[in-house]
Amino acid sequence: MKPGERHSCGDGAKGPRVYDWAAAKLPAIHGFDGDQPTLDRWVLARRSLARPEEIAYYLAYAPVGTEVAELARIAGSRWAIEECSQAAKNVCGPDQYEVRRYPGWYRHITLAMLAHALLAAMSATATTARGARTSAALPARTRKVPSVTGLHASTRALSAR
C-alpha cells in the first residue's frame, strides 16, 4: 500500500475536506478481467487529520491509470449521493413498499427514483423561470416541491403487482 498522501475529497460546509489516503491496487482476476484488463481494483484507506484513529475503507473499481487523488474525489461524492437518496425517501417514498418479490420491488424503486428525478428537474426549471430575484427572496425552507401524491399512489399500485 502506498504511504499516506494528503488529498481533498471535495468541499464541505467548513471548506475543503482533506484527509490522509493510502491506496493499493488489487491483483487482476484473470478469469473475470480477461488478459488485457481495462479496469483496476483498488483498496483505499482514509484517515481523518483531526482524529487519526478514525479510518474509513473503500473498495474501488476504476479505469486503468486512475490516480489516487481522483479516487479520493469520487469517494468524497458519496455524501452527495446519500443526501440525494434521503431527499428521494422524504419526497417519493421508495422505502414505502409492500412487495413480496424482487420484480415488484424493482418496479417500485425505479418509479420512485424516476419521480424524484422528474421533481428535481421541475424544481430546477421553475427556479430558473422565476429568476434569481424571486428565488433569493424565499428562504430555502419555504420553497415548495410539487406534490407527488398521485404519482406516489401509482407507484404503489404498480409495485403491488
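The values are calculated or read from the model by the stated rules, or taken from the named source; none is laboratory data. None of these values were measured; they are calculated from a predicted model. For neighbour counting, all protein chains shown are included, and Cβ atoms are generated from backbone atoms with ideal geometry for every residue, glycine included. Please note that ligands, DNA and RNA were not included when accessible areas were found on the heavy atoms of the full protein model with its side chains. Shrake-Rupley method; radii C 1.70, N 1.55, O 1.52, S 1.80 Å.
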Extension gain from residue 20 to residue 80, taking 0.36 nm per residue of separation minus the Cα-Cα distance: 19.5 nm
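When a/c is below 1.5 the answer is rounded, else prolate if a/b is larger than b/c, else oblate, so apply that to the range 41-125 with a ≥ b ≥ c taken from the square roots of the Cα gyration tensor eigenvalues.
Prolate, since a/c reaches 1.5 and a/b exceeds b/c.
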Residue 40 long-range amide H proximity, modeled H, under 5 Å: 62, 64
Peptide ranges 71-79, 117-125 listed from the most packed, as the mean C-beta count within 10 angstrom indicates: 71-79, 117-125
In sequence order, calculated HN-Hα J values of the range 65-70 (Karplus, 6.51, -1.76, 1.60; Hz; x Gly/Pro): x, 5, 7, 4, 4, 5
Rough spin-label spacing in nm, given labels placed 7 Å along Cα→Cβ, for residue 128 and residue 98: 4.0
Rounded percent of accessible protein surface that carbon and sulfur make up, the range 23-105, 1.4 Å probe: 55
